[in-house]
Amino acid sequence: MIESGHIALYVAITLDRPRERDNDFVHFEKLILDRILVRDKHGLQRETAYSI
């Protein structure tokens, strides 16, 4: 993932193809979504440099 022109998250996806939605898939999905949907200490979503 790139934010403000810098690598903010680098994850080597080590899943076989075709990819199935198993526990390994969910691990990577959660890792990436947790980075995108950053929450503060109160559980509220806060702004990140990431935008669509």
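The values are calculated or read from the model by the stated rules, or taken from the named source; none is laboratory data. Remember, it's a predicted structure, so these values are computed and weren't measured experimentally. Don't worry about glycine lacking a Cβ; one is built from the backbone with ideal geometry, like all the others, and counts go over all protein chains shown.
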Where VAL11 falls short, out of the listed (1) over 15 Å from the mean Cα position of the chain (by Cα); (2) modelled with pLDDT of 85 or more: (1)
Members of region 20-52 that are part of a loop (DSSP other than H, G, I, E, B) and modelled with pLDDT of 85 or more: GLU20, ARG21, ASP22
Region 1-12, residues that are in a loop (DSSP other than H, G, I, E, B) and surrounded by fewer than 10 Cβ atoms within 10 Å (Cβ to Cβ): SER4, GLY5, TYR10, ALA12
